[in-house]
Amino acid sequence: MSSQVIAFAQPREASSFPVNLMAFGEMNNDSGEAAFAGIIGQSSGLRHVLQLVEKVAATNATVLLLGETGTGKELIARAIHERSPRKTQPLVAFNCAAVPGSLFESEFFGHERGAFTGAHMQRAGRLELADRGTLFLDEVGELPPELQPKLLRLLQERTYERVGSSRTRNVDIRLVAATNQNLEEMVGECQFRSDLYYRLNVFPIRIPPLRERRQDIPLLVRHFTKKYSRQIGKRIDTVSEATLQSLMSWHWPGNIRELQNVIERCVILAEDAVLRLEPGALPAETQPAARARSSGQKAEIEAILRETNGRVAGPRGAAARMGVPVTTLASRIRALKINKHRFHQT
């Protein structure tokens, strides 16, 4: 089995025949695949991450997951929860970039009936739903400056109030936060509170991008091919050598999420039992062209953010103006290193 895995993971040494996907079967822990639900890989970088997960999971320490978009931070958060004493309690996810600042407190802390226009009934927030469990705070670097002290107080005192209530409530949560931004740099630029950063940075775990764990690509290709083949009702049992070499050599700026999307498209287009990469599936873009495109895109986004006072979500936000999902625009903003907070009007 091990020799087959090596041949598959290093296509340059493979023969001219297509690589047989089905021959690998369902890999187990002895073959090197991670024994964590949904986490696929055998690279040293991923193994190091999972070793840290095993060590910190049994504690109540706050964990800060660092990594690019699409590297699987939510899967790592779930692995921490499922190996913790809180595993029988809820794991509640909250995306800081997907909720407008005006709704953040209501969504996060909950609200009382009549607290604001449209609050027709009492509502528990995500924080309350996560009580005795784990709260996964995704894209924490997108938290607006005016809301950062409220999160700091929660971490310090484990207390909060619903919007429209003066009653202080206690909450017992384990916090796992994630970001693809450099919070240390944001602290230096006064975009993120230093005291909140130190509260979050108790146990940092850096998740490597896919380009740093290329030996995991064949395993991921196998996993996604089998997944989408079952969903669509096709039988695909081999991947062409040329396809595998292309997938191994691509730099994957969108990481595992991008690879997943590419494989899904290839499975949909497959006309026989061989997985092939369609022409144009991986963009062939020169560096000067990429820089020019990024520069133009950055100017367009900044112009719209200026018009929306830095608002990304909501019916009057930049995402709606551009006709793209909020999460997509938030990812572009991070990738282009745009400080949306500088467009806020006080």
field: Conditions (1) out of contact with any strand residue (DSSP E or B) (no Cβ under 6 Å at 6 or more places or on another chain); (2) at pLDDT 80 or above; (3) not aromatic (Phe, Trp, Tyr): number failed by Arg293
entry: (2)
query: Can you name the residue in the range 50-79 that is of a type in the set (Val, Ile, Thr) and in contact with a Lys or Arg (Cβ under 8 Å, 6 or more places away or on another chain) and is also farthest from Gly110 (Cα to Cα) among such residues?
result: Val53
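When you scan the range 175-186, do you find a residue that is more than 30 Å from Glu112 (Cα to Cα), among the hydroxyl-bearing types (Ser, Thr, Tyr), in contact with an Asp or Glu (Cβ under 8 Å, 6 or more places away or on another chain) and not assigned by TED's automatic domain parsing to the domain that holds Phe94, even just one?
no
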message: Among (1) aliphatic (A, V, I, L, M); (2) at pLDDT 85 or above; (3) in a helix (DSSP H, G or I), there is one condition Leu277 misses while meeting the rest; what is its number?
response: (3)
message: For the condition in a loop (DSSP other than H, G, I, E, B) and charged (D, E, K, R), what is the one hit in Lys87, Lys55?
response: Lys87
- prompt: So which residues in the range 35-72 are closer than 23 Å to Lys226 by Cβ, in contact with an Asp or Glu (Cβ under 9 Å, 6 or more places away or on another chain) and not hydrophobic (A, V, I, L, M, F, W, C), if there are any at all?
  reply: Gly41, Gln42, Ser43, Gly70
- request: Assess whether Ile263 counts as being at pLDDT 80 or above, touching a helix residue (DSSP H, G or I) at 6+ places or on another chain (Cβ under 6 Å) and β-branched (Val, Ile, Thr).
  value: yes
message: Is it the case, given these coordinates, that Leu135 is out of contact with any Cys (no Cβ under 6 Å at 6 or more places or on another chain), under 21 Å from Ala77 (Cβ atoms) and touching a residue at least 12 places away in the same chain (Cβ under 8 Å)?
response: yes
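So in the range 108-131, with the set limited to residues that are within 24 Å of the chain's Cα centre (by Cα) and of a type outside the set (A, V, I, L, M, F, W, C), which one is modelled with the highest pLDDT?
This residue is Asp131.
Residue by residue, here is whether (1) on the phi < 0 side of the Ramachandran plot; (2) out of contact with any strand residue (DSSP E or B) (no Cβ under 9 Å at 6 or more places or on another chain); (3) not hydrophobic (A, V, I, L, M, F, W, C) holds:
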position: Glu146; (1), (2), (3): yes, yes, yes
position: Arg158; (1), (2), (3): no, no, yes
position: Glu184; (1), (2), (3): yes, yes, yes
position: Ile207; (1), (2), (3): yes, no, no
position: Arg211; (1), (2), (3): yes, yes, yes
position: Arg235; (1), (2), (3): yes, yes, yes
task: Quick one: which residue in Phe116, Phe104, Phe108 is of a type in the set (A, V, I, L, M, F, W, C) and out of contact with any helix residue (DSSP H, G or I) (no Cβ under 6 Å at 6 or more places or on another chain)?
output: Phe116
statement: Within the range 114-152, restricting to residues that are acidic (Asp, Glu) and in a helix (DSSP H, G or I), the one that is surrounded by the most Cβ atoms within 10 Å (Cβ to Cβ) is Glu142
message: I'd like the full set of residues that are surrounded by fewer than 19 Cβ atoms within 10 Å (Cβ to Cβ) and either in contact with a Ser or Thr (Cβ under 8 Å, 6 or more places away or on another chain) or under 25 Å from Leu50 (Cα atoms) (or both), limited to the range 227-248.
response: Lys227, Arg235, Glu241, Met248
statement: When the range 59-84 is checked residue by residue, the ones that are assigned to a loop (DSSP other than H, G, I, E, B) and under 12 Å from Phe203 (Cβ atoms) are Thr59, Asn60, Ala61, Thr62
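The values are calculated or read from the model by the stated rules, or taken from the named source; none is laboratory data. Note that the coordinates shown come from a computational prediction; the quantities given were computed from them, not determined experimentally. Using ideal geometry, Cβ is built from the backbone for each residue, glycine included, and neighbour counts are taken over all protein chains shown.
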